[in-house]
1. Would you mind getting me the FRET efficiency between Ala371 and Gln103? Use the beta-carbon distance for r and R0 = 45 Å, nearest 0.05.
2. What value in Å³ per residue do you get for the convex hull of the alpha-carbon atoms in the stretch 1-79?
3. Tell me, in nm to one decimal, what length is gained between Ala13 and Leu35 on full extension, where the rule is 0.36 nm per residue of separation less the Cα-Cα distance?
4. Of all DSSP beta bridges in the chain, what percent run antiparallel (nearest 5)?
5. Between Ala326 and Ser183, what is the label-point separation in nm under the 7 Å Cα-to-beta-carbon projection?
6. Over all distinct alpha-carbon pairs, what is the Kirkwood Rh of the stretch 147-230 in angstrom?
7. Might you work out the accessible area of Cys394 for me, using a 1.4 Å probe with all protein chains in place, and round it to the nearest 10 Å²?
8. Could you tell me how far the Cα centroid of the stretch 281-328 sits from the Cα centroid of the stretch 194-227, in Å?
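The values are calculated or read from the model by the stated rules, or taken from the named source; none is laboratory data. Just so it is clear, the structure is predicted and the values come from calculations on it, not from any experiment. A quick note on method: Cβ atoms are made from the backbone with ideal geometry, for glycine too, and the neighbour counts reach across all protein chains shown. Calculation scope for accessible area: heavy atoms of the full protein, side chains included, ligands and nucleic acids excluded. Shrake-Rupley method; radii C 1.70, N 1.55, O 1.52, S 1.80 Å.
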Amino acid sequence: MLENLTRTQEALAARQQDVPRGVLTAHPLVLERALGAEVWDVDGNRFLDFVGGIGVMNVGHNHPRVVAAVQQQLTRITHAAFQVAAYPPYLALAAKLNALVGQGEAFKTVFFTSGAEAVENAVKIARSHTNRPGIIAFRGAFHGRTLLGTTLTGMSAPYQQNFGPFAQGVHHVPFPDAYRGISTEAALAALETCFATEVAPERVAAILLEPVQGDGGFLPAPAEFLQALREIATKHGIVLILDEIQSGFGRAGAMFAHQTAGIRPDLVTLAKSLAGGLPISAVSGRAEIMEAPTPGGLGGTYGGNALACAAALAVLEVFEQEDLLARGNALGEALARGLAALAEKHPRIGQVRATGCMCAIEMVADPAGRAPDAALAQAVIDAAREGGLLVIKCGVQRNVVRFLPPLVTSQAQLDEALTILGAALATAGA
């Protein structure tokens, strides 16, 4: 696949010289352009992109509506800082998200720049509203790389390293994973044990979780688990925060993954695919909770940047006018069928997971023992890249291969990707 690596080699040498190793790059590539579900490196090699900027490109790379919206906004105003003066795209986007997330209830929205910022500010808002310190998070969760985000993240490697001491008041409990023997009942029992032994519920400000764990392995929270957490949070006056940063915007079967469980969270964090590649994040929540911080308590210089807001409005227009949610669900069903067929041929695929178009395969050393095999997962990823398909890994043991194709991926592109993946699995010895 890769014939002329001269420009790539030069660029990667510069990367090694000028960029610290702590910023991991999953593939030894340097990309030059992208369109839809495809990217090209500096040597002209084409790849199917089933990473999508790690779940950012749900509408596809360089969607014409997004490009046009940004170009138009460039001629008006690029940045003013909302804390200095308001501007129409920020206000319009807030209203749109309030309607989408609130579903008829009074919601308010504030914008930031990164997903980690959204999570941290959701915690601030919850603590301000309840005047309580405690936060319940889950093992296997990923909530960002800031100090509080790293504390909330339920994985030691590679995120925590020697970065402590970490923030106080965070308590981790198990997340349901039937494949690994953790039932909904067991996870709920562990939460009650945490209340009894670590932090009383009346001292807990928020329960924070991803409705589908992203970096933790693409594990979906069962509907009954989300419903039980909603009841527990209501009973104890706890704010229920759902991190929809990766699972939101049509990725996991609905506009937001929690909607399939029929619950309404108190706060929702959003980012990634919100603006089709431009950096923006948000906290949307019940108005009475969002109003808890007093003026000056929330903000950020670039939060709700005008260009990003314009792009986000275009993204929402794509969903409305191009039936992207239905297209994404159809793509996810086809991808899940293809992965299931490959699992029948390759027994070291221990489990296929599919929540909408958020799909993954867990690689194991043997089907019976289910021992995680991170080396096999990496071998599959490397072989897939050599064939022209980009995917990345996840999972606490880094043995899960995840698939985040843009929702605009065509059937022909999907068929090509599955063919490449099948050859990669065979090459890797799955």
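1. Values: r = 43 Å, r/R0 = 0.96.
Efficiency, rounded to the nearest 0.05: 0.55.
2. On the way: hull volume 10.9 nm³, N = 79.
That works out to 138 Å³ per residue.
3. 5.3 nm
4. On the way: 35 of 51 bridges.
Approximately 70 percent, going by the DSSP bridge assignments.
5. Going from the Ser183 label point to the Ala326 one covers 4.0 nm.
6. On the way: mean 1/r = 0.0716 Å⁻¹.
Radius from the Kirkwood sum: 14.0 Å.
7. Counting only protein heavy atoms, the figure is 0 Å².
8. 24 Å
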